[in-house]
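Structure, as structure tokens:
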Amino acid sequence: MRYVFAPPPTVSAPVAGVAERFPVHRIYCVGSNYLAHAQEMGRTGREPPVFFMKPADALLPVEAGATGAMPYPSLTHNLHHEVELVVAIGTGGRDIDAARALEYVFGYAVGLDMTRRDLQSEMKKRSAPWCIGKGFDHAAPLGPITPSVRAGAISAAEIALHVNGAERQRSAVSQMIWSVPEIIAHLSSAWTLASGDLIFTGTPAGVGAVERGDVMEATCTGLEALRVRVS
Ligand code: MN
């Protein structure tokens, strides 16, 4: 195949413990999937799931033990952190039954759904798409993916975020409104899931702003930690 210019490189994420990388296809995200966060954003939590996407090349993959560098994005004065459990899809499919959904999962990672909150709020007011608030460059920092066989019981895990050593967010993953199998079932009824898809599953309460120089440390039981400095 010949192209009029060189095609972009494949976006990929590290896999814990092995040299082979996880090639990324799409990045799906679930909006407000923890009751306390839904309420802090002015909803009841009883609404059906909301999905949005980030471009695959918004991924900011961070190697095990490293501190990633996220440039403070343009146009915002209110850059928010959202710590999230991320599901990495290994086998694609559509109309996947929740009872078998975990068979499609390659592994899990902890990620940050970074948000230009002021721009997202502006778009919400105008009933306009969230792209500018959610889908900007470097908007999806991600730690190494741990294969599900080694991740333990992820539904019993606890997720947390510290900024400069102070705790900002903490929740049991079991507090999600829509569980991982339910998310996969819903998503695959709307889109055909493919190998390499990543799903950010929503953030617990405690979202807030970060500034240049802040160091975010995202953790989830059984998974590699994610450290990112805003630069
Ligand atoms: Mn989110």
- Note on the structure: With Rh as the Kirkwood radius over Cα pairs, the range 185-231 has Rg/Rh of 1.09
- Using alpha carbon centroids, what distance separates the range 185-211 and the range 212-226, in Å? 17
- Message: As a test of the formula, what do you get for the chain when each DSSP H run with n ≥ 4 contributes -39,500 (n - 2.57) and the sum is divided by the residue count, at 222 nm and rounded to the nearest 500 deg cm²/dmol?
- Response: -3500 deg cm²/dmol
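Assigning unit charges at the beta carbon (Lys, Arg +1; Asp, Glu -1) and nothing else, what dipole magnitude in debye, to the nearest 20, does the chain show about its Cα centre?
On the way: 20 positive and 22 negative charges, 91 e Å.
Value, rounded to 20: 440 debye.
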- Note on the structure: Least to most buried among Met123, Met70, by other C-beta atoms within 10 Å and fewest first, runs Met123, Met70
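Fully extended, how many nm does the chain gain between Ser74 and Gln39 (0.36 nm per residue separation, minus their Cα-Cα distance)? Provide the component values of the computation, followed by the final result.
Working: separation 35, 0.36 × 35 = 12.60 nm, distance 2.84 nm.
Once the chain is fully extended between Ser74 and Gln39, it gains 9.8 nm.
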- Item | For Asn78, distant residues with modelled amide H under 5 Å away | Arg117, Asp118
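Rounded, prolate or oblate: which fits the chain when a ≥ b ≥ c are the square roots of the eigenvalues of the alpha-carbon gyration tensor, with rounded for a/c under 1.5 and prolate only if a/b beats b/c?
Working: a/c = 1.18, a/b = 1.08, b/c = 1.09.
Note, shape of the chain comes out rounded.
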- Query: Tell me which aspartates and glutamates have Cα within less than 13 Å of Lys54's Cα, excluding those fewer than 8 residues away on the same chain?
  - Reply: Asp113, Asp137, Asp197
- Message: Pairs of alpha-carbon atoms within less than 8 angstrom and 6+ residues apart define the contacts here; what relative contact order does the chain have, in percent?
- Response: 31
- Item | Cα-based shape type of the range 92-181, given that a ≥ b ≥ c are square roots of the gyration tensor eigenvalues and the cut on a/c is 1.5 | oblate
- Task: Go through 136-147, 85-96 and give me the packing order, highest mean Cβ count within 10 Å leading.
- Result: 136-147, 85-96
- Would you give the gap between the C-alpha center of the range 39-112 and the C-alpha center of the range 141-169, rounded to a whole Å? 12
- Amide proton proximity set for Ile177, modelled H, under 5 Å, gap of 5+: Tyr34, Leu35
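A short reminder: the numbers here are calculations on the coordinates, not readings from a lab. Because the structure is predicted, anything quoted here is derived from the model rather than measured. Glycine gets a Cβ as well: all are built from the backbone with ideal geometry, and neighbour counts include every protein chain shown.
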